[in-house]
Amino acid sequence: MGKKPTYGYQGNWTTKQSSIGRGQSISTFDIFSSRVKDIILNSNHPRFTEFGEWNSIGTVFVESAKNPLFSDQISLIPAYPAFPNIKHYPLINELVPVIYLTDVDVTSNTNSVSAYYLPPINIWNSQIHNAVPSLITLPESQKKDYQQVEAGSTRRVTDQSTEINLGVYFNENNVLKNHPLLPYEGDILYEGRFSNSIRLGSTVKDTLAVSNLWSEGSNNGDPITIIRNGQPNSSVGVDGSIDAWIPTLENINLDKSSIYLTSTQKVNLELATIFTNKFNSYNKIKETPQTPDLYNGNQILLNSGRLVFNAQNDHILLSADKSIYLSSNGSINIDTTTISTYSDEIRLTAPKVYLGNFVGGEGYVGAPLQSVVLGDNLKQTLTSIIEALGGIANAMATSFNAGGPVPSLQAEGGLLLGQVETLKTSLNILLSENVKTI
């Protein structure tokens, strides 16, 4: 790991006045606002090697917000992230607080300091970006329509143009429709720039608060954690408007992907299957599961366009105290080399149940796919046939003609009687003790 170059002060800490911008001096104890002009995010940056290669990731180059640079003749100040575990890197033209603190050379010089920056200043109260470009570098079109509106509002660009430089590939057009989340008292919210968020919240049933979709069936203050990735394409604010600066709320049925960790709440998740509220496979079973809109208790709800559970090296374990329910509008398929089951009872309920590979047609003699026999009905039919054969065998074994017994018929009748007894015995082992069908 390369060593970051020191661009800070290495003299007397208590009297140092560090020059930033055009002639402005700031004490090392001060926190001053700086505009981000450049940032190292990968190895393609021209100063990647100079600032320590991969150790340089997150390094920004700033100018004074009060006295922006008038030309490239004055060097930008490098500043490093203040937090090691939270990577909240700014966009170009966002303002960050900068402070001089102890740096890597402290072991040889206890007065050695470098510039460090905190997360961007919340100028526009927007989770998307809080960039404030210098009027010196701002295009004329942006100078005219880059308006600061009333406190708490994000910036509005009247012609929807986004000429402001925010970075190499970050495009404001792609995220302009992303609404911030509406907070409730006590909530802790983490919001990304791309409508991804974590809410550490609770049930809110106050009549003065905006109602939400997770506070039914529980008491104020009951905890809930909501992880959401992606607002719906037609997202609107809590007032019904499409203005992106109006806050919105999570909606488990419309958001792209969601995880809800509840304690006592009811969450009205709309199940995808047409069998919702039917639970046909639970016929004559003592207890049927409640649907999510009726259940209030601690549960984890996952909702997305697709769910994939993959255990690369070990098992997937599904365990439930009462039952495991599988439902699909299409089919339920299992591909495996071995199926091993152990249960007091296994139920399969479907219009058709296929065992084995579907390799051809059905419904004719010799078809590769054939119907399972109803064992009890088969036993009854075979019993009738065997009894008829038994009658024929008795008649043959005792047959006479006008001249006396018919040896050939009596011999065949005796053999048939023996076979009848064998067939009667084999009827008792035709039926499975474990597998039943309709």
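The values are calculated or read from the model by the stated rules, or taken from the named source; none is laboratory data. This structure is a prediction, so every number in the text was calculated from the model and none was measured. Ideal geometry is used to build each Cβ from the backbone, glycine not excepted, and the neighbour counts take in all protein chains shown.
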Subset of segment 147-180 that is within 18 Å of Gly192 (Cα to Cα) and of a type in the set (Val, Ile, Thr) - its residue that is modelled with the highest pLDDT: Val175
Single match in Ala320, Ala311 (criterion: under 20 Å from the mean Cα position of the chain (by Cα), surrounded by fewer than 10 Cβ atoms within 10 Å (Cβ to Cβ) and either free of Cβ contacts under 8 Å to residues at least 12 places away in the same chain or in a loop (DSSP other than H, G, I, E, B) (or both)): Ala311
Odd one out for Ser141, checked against (1) assigned to a loop (DSSP other than H, G, I, E, B); (2) at pLDDT below 90; (3) of a type in the set (Ser, Thr, Tyr): (1)
Filtered residues of segment 281-308 (kept if touching a residue at least 40 places away in the same chain (Cβ under 8 Å) and either part of a helix (DSSP H, G or I) or closer than 12 Å to Val267 by Cα (or both)): Ser281, Tyr282, Asn296, Ile300, Leu301, Leu302, Asn303
Residues being polar (S, T, N, Q), free of Cβ contacts under 8 Å to residues at least 60 places away in the same chain and touching a strand residue (DSSP E or B) at 6+ places or on another chain (Cβ under 7 Å) - total across segment 250-267: 4
Residues being under 23 Å from the mean Cα position of the chain (by Cα) and in a loop (DSSP other than H, G, I, E, B) - total across segment 238-263: 11
Residues within segment 308-338 that are farther than 21 Å from Pro289 by Cα and of a type in the set (A, V, I, L, M), tallied: 4
Those residues of segment 367-389 which are hydrophobic (A, V, I, L, M, F, W, C) and within 14 Å of Ser426 (Cα to Cα), in sequence order: Leu378, Leu382, Ile385, Ile386
Restricting segment 197-243 to residues that are in contact (Cβ under 8 Å) with a residue 40 or more places away in the chain and touching a Leu at 6+ places or on another chain (Cβ under 6 Å), the residue that is surrounded by the fewest Cβ atoms within 10 Å (Cβ to Cβ): Val238
Members of segment 74-131 that are in contact with a Phe, Trp or Tyr (Cβ under 9 Å, 6 or more places away or on another chain), of a type in the set (Ser, Thr, Tyr) and outside any strand (DSSP E or B): Ser75, Thr110, Ser112, Ser126
Any hit, segment 48-66, residues being in contact with a strand residue (DSSP E or B) (Cβ under 7 Å, 6 or more places away or on another chain) and surrounded by fewer than 17 Cβ atoms within 10 Å (Cβ to Cβ): yes
Scan of segment 97-112 for residues that are within 17 Å of Phe61 (Cα to Cα) and surrounded by fewer than 16 Cβ atoms within 10 Å (Cβ to Cβ), ordered by number: Leu101
Matching option when the condition is of a type in the set (Gly, Ala, Ser), loosely packed, with under 12 Cβ neighbours inside 10 Å and in contact with a Gly (Cβ under 9 Å, 6 or more places away or on another chain), among Ser399, Ser384, Ser432: Ser432
Criterion: out of contact with any helix residue (DSSP H, G or I) (no Cβ under 9 Å at 6 or more places or on another chain) and not assigned by TED's automatic domain parsing to the domain that holds Tyr325 - qualifying residue of Leu415, Leu355, Leu423, Leu389: Leu355
Single residue of Thr273, Thr288 found to be touching a helix residue (DSSP H, G or I) at 6+ places or on another chain (Cβ under 6 Å), under 30 Å from Arg347 (Cβ atoms) and polar (S, T, N, Q): Thr288
